[in-house]
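Okay, structure first, notes after.
Read-outs throughout are calculated quantities, based only on the coordinates presented, and are distinct from any laboratory measurement. Since this is a predicted model, take the numbers as computed values, not measurements. Cβ coordinates were reconstructed from backbone atoms using ideal geometry, including for glycine residues, and neighbour counts include every protein chain displayed.
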Amino acid sequence: MERLDPSLLPPQIRKLIRLLGTEDAVNLLKTWGGQRRWVPADPTLATPQLRACLSPAALAALCQSEFGGLATDWPKVDKVLRQSIWAAMRADRAAGCTANDLAVRYGYTRRRARTIAPAHAPFSPDLQRDLFD
């Protein structure tokens, strides 16, 4: 979570992160992402599922915010997190990490780490010189 770049996220997720904090916002979206769910205006009326995924302070903040008392369509967070992780992998690769280091750090295979963050810039036909020039 420490490598999450909020600028890559949609506006509703950025708003949740500002309101709840990164950990609680991600936990909420992992639990409710892709669903329409009602948020009570009173934290004591929260479902056990909502209580389990949020800290007490975050639950109170969510219920007292603009989301309290409304049914909201919650966005999925998995693809956004993946893009953020891949951007961090590319930055680490540019800083000198090897494919083995990336595989261990991010939990991918070495081959997948090389695909996501190649050691060199991807092939560009504009850079290829004609052999017969």
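Listed values, structure above:
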item: Residue in the stretch 99-111 that is surrounded by 13 or more Cβ atoms within 10 Å (Cβ to Cβ) and in contact (Cβ under 8 Å) with a residue 60 or more places away in the chain present; result: no
item: Single residue of 81, 28, 9 found to be in contact with a helix residue (DSSP H, G or I) (Cβ under 8 Å, 6 or more places away or on another chain), touching a residue at least 40 places away in the same chain (Cβ under 8 Å), under 20 Å from residue 113 (Cβ atoms) and crowded, with 18+ Cβ neighbours inside 10 Å; result: 81
item: Near pairs, Cβ below 6 angstrom, 6+ apart or cross-chain, from the stretch 37-49 (touching a residue at least 12 places away in the same chain (Cβ under 8 Å)) to any residue that is of a type in the set (A, V, I, L, M, F, W, C) and assigned to a loop (DSSP other than H, G, I, E, B); result: 39/67; 40/46
